[in-house]
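See below for the structure under consideration.
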2 protein chains.
Amino acid sequence: MAVTMNDVARAAGVSLKTVSNVINNYEFIRPATKQKVLEAIAELGYEANLTARSLRSGKTNMLGLVLSDLSVPYYAELASDIMKAASNRGYRVLVEQSANQAEHERAALQGQFRNLTDGLFFIPLALGGDDIIAAAGKKPLVLLGEFVEDPRLDMVLIQNQDAAAAVTAHLLGSGRRRIAVLGANDGDTTGSNGLRLIGYRHALKANGVEYDPALVIPCGWRRDGGAEAVSRLLASGVEFDAVFGLNDVVALGALHELLVRGYSVPDDVAVAGFDDIDEARFASPSLTTVSPGRTEIAQRAVDLLIDRVEGKGERADVEQPRAEYALRIRQSAP
Amino acid sequence: MAVTMNDVARAAGVSLKTVSNVINNYEFIRPATKQKVLEAIAELGYEANLTARSLRSGKTNMLGLVLSDLSVPYYAELASDIMKAASNRGYRVLVEQSANQAEHERAALQGQFRNLTDGLFFIPLALGGDDIIAAAGKKPLVLLGEFVEDPRLDMVLIQNQDAAAAVTAHLLGSGRRRIAVLGANDGDTTGSNGLRLIGYRHALKANGVEYDPALVIPCGWRRDGGAEAVSRLLASGVEFDAVFGLNDVVALGALHELLVRGYSVPDDVAVAGFDDIDEARFASPSLTTVSPGRTEIAQRAVDLLIDRVEGKGERADVEQPRAEYALRIRQSAP
DNA sequence: CTGAAAGCGCTTACAG
DNA sequence: CTGAAAGCGCTTACAG
């Protein structure tokens, strides 16, 4: 049916191996031979069968990306960046949505998804370091952003703690004293969640402001979570003059709810987020937030994972680089 | 290295074919035999090698999805829905970003991306019907949303024209008479672009309002495009009392710019969009828009494409179903 | 520098 | 209902 390497070999009057050599840029080929083969390829419109190549070579040239859900803006933007960076190095990216379920995450670390890919980017939300190591096979794995404290795993880190402290310090610097934190859930102390909360507390302490648990409101990291958290906060009667959403969509949901209820932002309440998604710049008022260095994270993760897959690059046994963060001061908290 | 079917066959004391039969749910297997094989599979932790299966069967169980960029919220949400629907039917989705480039779109329709997938979802932005038919191979192809007028191609349609007319009629019904359209570009009359503009004109005509080309502002379908379009509109001195962004991000960019400049929405200017992305509900003010039926589009497209791939289902030669749209009236244009 | 052969792990006719 | 054999289209030692 399709044109195969055999057809090319016949047309060029050489052996299969020679065609393979040309395709794989083997160095020592007589120029005339190479020329003949390339002409036959062009004439026949030959394209390598990637499946056959994969079966034989054991490499698929695909990388897996396990994340919660593509409809979350931060993940969509990160996925887009990763796909572009991977494409520049000749790899495709196969995305798997985990819906934050431990079983889905575990399935993606092993099983068929793993077999289809040469290496994995993983944004763990349900699984911890031990779980990950237990579930993951021998193929390269790079964790992204969501911090899992484990010295055995490659990961590209967001400076969750310092960046959250910077946002909090900025709010304090503008005179706010009662800063509610939205999206700080359960007892987590290692996930983004917990680390950002720690950053918040450090900044309070450094500025001599007392920590008040009544200002810490758990909620899902979605728009409606942020909106609902504000409602609960208002219903509680606790006073506050600023809101720090632990990610942008929470902050944007909170912002929406505050405006709906007639509060002025930033006059009555300042609002800040975390992630610097595209939308943050165009919210009304635009959202003060912190950029975790998404594009840098994507680029570093891609380079690290592909170097691992190819066994190239001068790499330490385990690498855990941190991306640079940057405060983005906008209207919602000037 | 990994456990193969041969290992399973040996452990179960049967032939390779019998193992294959069990795995592929061949009907006529003696229960005892099946039992033995299943036990061997469980004991050895056997997992099929999908690459080998693909090479032999010619099927990859992957579907391609070609879209402009995952960082665009509507596409990210659509991709998420498609991946979920496909997963329910046992297929994975490989996403390819075209960056709106004709050459990228063409490459995705043929070449290696095509070889890796059994069928393709394609949101064409640069290529027309003839181009698509010329470039696409014989594998099934389903176009999504962005209308390409061509009776030869399967597609799941957004009711661009009627939905745009409904939004416009809603604005007219609330007393607006000078409705600016943002994002209406070049002479396009078949893309979403052109069709939405036609819907707008129809609604004006049906309501006896004259069409004024000075109210039609071209811009990129991004947030900054919408913001900039509003700036140009204001600079032109043309009067307007409403803005219809041809998609939500354009409308949200416009909304932002209007508020920045001190206009009150909806009092001074009403704003409406198209897409009903998640963000529309939580914008401030929340955005009036039209839902094109994203989840329905995803489900229908997945069912159609997989039926084509599997040669099953009672299907017409060409199908072009239209998804139901629904007006979402919110604060920005009550 | 190039060739002939083996084999990656499956599925698929073909028998029986 | 099950088996033995061929073969999908490549790459990879192994020769020469």
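FYI, it's all coordinate maths here, none of it is from the lab. On a predicted model such as this, the values are computed, not experimentally measured, just so you know. Counting neighbours? That spans all protein chains shown, and the Cβs are built from the backbone with ideal geometry, glycine included.
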**Request:** Once you have all Cα-Cα distances for the range A:86-245, histogram them in 5 Å bins from zero and send the whole-percent values.
**Result:** 2, 8, 16, 17, 16, 12, 11, 9, 6, 3, 1, 0
**Prompt:** Using alpha carbons only, how many degrees (0 to 90, rounded to 10) separate the axis of helix A:31-44 from the longest principal axis of chain A?
**Reply:** 70
**Request:** Using the number of other C-beta atoms within 10 angstrom as an exposure proxy, rank B:K139, B:K312, A:K205 with the fewest first.
**Result:** B:K312, A:K205, B:K139
**Asked** In nm, to one decimal, how far is the modelled label at B:Q112 from the one at A:D7, with both set 7 Å along Cα→Cβ?
**Response** 1.9
**Asked** Using the alpha-carbon atoms, what tilt in degrees (0 to 90, nearest 10) does helix A:73-88 show relative to the longest principal axis of chain A?
**Response** 30
**Complete:** Of A:327-333, B:29-35, B:224-230, ordering from highest average Cβ density within 10 Å down gives B:224-230, A:327-333, B:29-35
**Request:** Express the C-alpha Rg of the range B:251-334 as a ratio against the empirical globular expectation 2.2 N^0.38 Å, rounded to two decimals.
**Result:** 1.55
**Asked** Over the range A:6-93, what per residue volume does the convex hull of the Cα atoms give, in whole Å³?
**Response** 122
**Message:** Contact order normalised by length for chain A, with contacts defined as Cα pairs under 8 Å and 6 or more residues apart; what percent is it?
**Reply:** 15
**Message:** Report the rotationally averaged projected area of the protein assembly as shown based on its alpha-carbon convex hull, in square nanometres.
**Reply:** 34.3
**Asked** B:E47 label points, 7 Å along Cα→Cβ, one per copy: pairwise distances from this copy to the rest in nm, shortest first?
**Response** 2.8
**Item:** Stokes-Einstein diffusion coefficient of chain A, Kirkwood radius over Cα pairs, 4 °C, 1.567 mPa s, in µm²/s
**Value:** 58
**Request:** Would you list which lysines come within 30 Å of A:K59, measuring only between C-alpha atoms, while excluding same-chain residues fewer than 8 positions from it?
**Result:** A:K17, A:K34, A:K36, A:K84, A:K138, A:K139, A:K312, B:K17, B:K59, B:K84, B:K138, B:K139
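With the Cα gyration tensor of the range B:210-274 in hand, convert its eigenvalues to equivalent ellipsoid semi-axes via √(5λ) and list them largest first in whole Å. Don't jump to the answer; show the numbers that get you there.
Working: eigenvalues 44, 40, 26 Å².
Semi-axes (√(5λ), whole Å): 15, 14, 11.
How big is the equivalent ellipsoid of the range A:160-291 along its three axes, where each semi-axis is √(5λ) from the Cα gyration tensor, reported in whole Å from largest to smallest?
They are 19, 16, 15 Å, listed largest first.
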**Request:** Before anything else, pin down the relative contact order of the range A:264-334: Cα pairs under 8 Å, at least 6 apart, normalised by residue count, whole percent.
**Result:** 48
**Item:** chain A: antiparallel DSSP beta bridges as a percent of all, rounded to 5
**Value:** 10
**Asked** Amide H to amide H, which residues 5 or more places from A:V271 or on other chains are under 5 Å from it, using H placed in the peptide plane?
**Response** A:V243, A:A333
**Fill in**
If each part is reduced to its alpha-carbon centroid, the range B:187-239 and the range B:241-311 end up apart, in Å, by 15
**Request:** Could you state the angle between the C-alpha long axis of helix B:248-260 and the longest principal axis of the C-alpha atoms of chain B, as a value from 0 to 90 degrees rounded to the nearest 10?
**Result:** 40
**Request:** Would you tell me the mean number of C-beta atoms belonging to other protein chains that fall within 10 Å of each C-beta in B:69-78, as a whole number?
**Result:** 6
**Fill in**
The size of the Cβ-based charge dipole (Lys, Arg +1; Asp, Glu -1) of chain A about the Cα centre, to the nearest 20 debye, is 1100
**Residue order, fewest to most surrounding Cβ atoms within 10 angstrom, among A:S286, B:S174** = B:S174, A:S286
**Asked** Most fluctuating residue of A:A316, A:A254, A:A164 in a GNM of chain A with Cα springs under 10 Å: which is it?
**Response** A:A316
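Given contacts defined as C-alpha pairs under 8 Å and at least six residues apart, what's the relative contact order of the range A:229-289, whole-number percent?
34
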**Complete:** Per the range B:5-48, sqrt(5λ) over the Cα gyration tensor eigenvalues, sorted largest first, in Å, gives 14, 10, 9
**Complete:** Net charge near B:K34 (other residues with Cβ under 14 Å of its Cβ; Lys, Arg +1; Asp, Glu -1) is +1
**Complete:** Rounded to a whole number, the mean other protein chain Cβ count within 10 angstrom for residues of B:105-114 is 1
**Fill in**
Connecting every pair of Cα atoms under 10 Å apart in chain B and solving the GNM, the largest mean-square fluctuation among B:R294, B:R223, B:R261 falls on B:R261
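Provide the percentage of antiparallel DSSP beta bridges, counting only those with both residues in the protein assembly as shown; round to the nearest 5.
If we restrict to bridges inside the protein assembly as shown, about 10 percent are antiparallel.
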**Asked** Which value results for Rg/Rh of the range A:49-155 when Rg is the Cα radius of gyration and Rh the Kirkwood radius based on the inverse mean 1/r?
**Response** 0.96
